[in-house]
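So the structure is just underneath, and the comments pick up after that.
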Amino acid sequence: MNYISLDDYKKAWVFRHQDAPVSEQDLALIKPMSHERAAVLWSTMVSREHDHPDFFEKTDWCGNDDNFSQIVPWEAAWEEGAEQLPTEILAHLDWQANTTIYFCMARDNIIETSFDVFKRNWQNFMFLADGSLLLGKKRNEVVQFLATGDAKLGIKASVK
């Protein structure tokens with residue numbers, strides 16, 4: 001099984017928050033991965049060595065600042081209740097609406113959805129911003145959402 005039910009997902013409360021309601025249609029498209037599936041994707045796309053963003057090192061592509069070109073604030077827009085992600089992030093992620101995305105929080109905690117669902121519900125996902133990486137399937141652009149309220153915009157290198 002590649003996914004677990006949103007009802008069984010420990011952090012599902014972020015998608016049921018009364019201040020940021022998510023439509024039933026979008027809830028059906030937010031798919032937390034099983035621990036096994038998440039581990040495979042993490043090892044393939046993020047890091048073979050480290051289980052969480054707190055432990056990234058320069059040997060991980062995502063721990064190497066050379067792979068990131070810009071830092072932009074996201075928290076102010078979030079606190080204001082902005083409907084859209086900051087424009088710098090949207091410009092960096094010039095992806096189609098149906099692009100499959102992975103919101104990667106840890107080796108055993110990844111959510112899969114489409115880019116349009118993520119964009120509509122970005123406020124909810126930011127409750128989970130603690131170094132989380134936003135990756136697109138077959139895309140090189142990446143955003144790392146930091147707990148500081150900033151986002152690092154970068155290009156994904158291959159996992160070694």
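For the residues ASP60, ASP150, ASP94, a GNM of the chain with alpha-carbon springs under 10 Å puts the largest fluctuation on ASP94. The alpha-carbon of LYS138 sits under 22 angstrom from the alpha-carbons of these lysines, leaving out residues fewer than 8 places away in its chain: LYS31, LYS119, LYS152, LYS156, LYS160.
Counting charges near VAL142 (Lys, Arg +1; Asp, Glu -1) among other residues having Cβ under 15 Å from its Cβ returns a value of -2.
The Cα atoms of the range 108-160 define a convex hull whose projected area, averaged across directions, is 4.3 nm². For the range 63-103, the residues whose backbone nitrogen is under 12 Å from a point 7 Å from the Cα of ALA157, taken along Cα to Cβ, are 63-68.
Split the accessible area of the range 83-159 by element, probe 1.4 Å, and carbon with sulfur accounts for 43%. Of GLU112, GLU141, GLU24, GLU83, the residue with the largest accessible area leads and the full order is GLU83, GLU24, GLU141, GLU112 (1.4 Å probe).
Computed from backbone phi with θ = phi - 60° and the Karplus coefficients 6.51, -1.76 and 1.60, the 3J(HN,Hα) list for the range 13-28 is 4, 5, 9, 10, 5, 5, 7, 9, x, 10, 5, 4, 4, 6, 4, 5 Hz; x is used for glycine and proline. Per-residue Karplus couplings for the range 35-51, computed as 6.51 cos²θ - 1.76 cosθ + 1.60 with θ equal to phi - 60°, are listed in order as 4, 5, 5, 4, 4, 5, 5, 4, 5, 7, 10, 10, 7, 8, 9, 10, 8 Hz, Gly and Pro entered as x.
Think of a 1.4 Å ball rolled over the protein heavy atoms: the chain then has 52 Å² of accessible area per residue.
Put simply, the chain fits an ellipsoid with semi-axes of 22, 19, 14 Å; these come from the alpha carbon gyration tensor as the roots of five times its eigenvalues, largest first.
Please tell me the relative contact order of the range 35-142 in percent, rounded to the nearest whole number, where contacts are Cα pairs under 8 Å and at least six residues apart.
In percent, rounded to a whole number, it is 28.
A helix-only calculation puts the chain at -5000 deg cm²/dmol for mean residue ellipticity at 222 nm, using -39500 (n - 2.57) for each DSSP H run of at least four residues, averaged over all residues. For ALA151, the shell of other residues with beta-carbons less than 13 Å away shows a net charge of -4, using +1 for Lys and Arg and -1 for Asp and Glu.
The share of accessible area on the range 1-42 that comes from carbon and sulfur is 53 percent, using a 1.4 angstrom probe.
The values are calculated or read from the model by the stated rules, or taken from the named source; none is laboratory data. Note that the structure is a prediction, hence the values are computed from the model and not measured. Cβ atoms come from the backbone with ideal geometry, glycine included; neighbour counts cover every protein chain shown. For accessibility, only protein heavy atoms count, side chains too; no ligands or nucleic acids. Shrake-Rupley method; radii C 1.70, N 1.55, O 1.52, S 1.80 Å.
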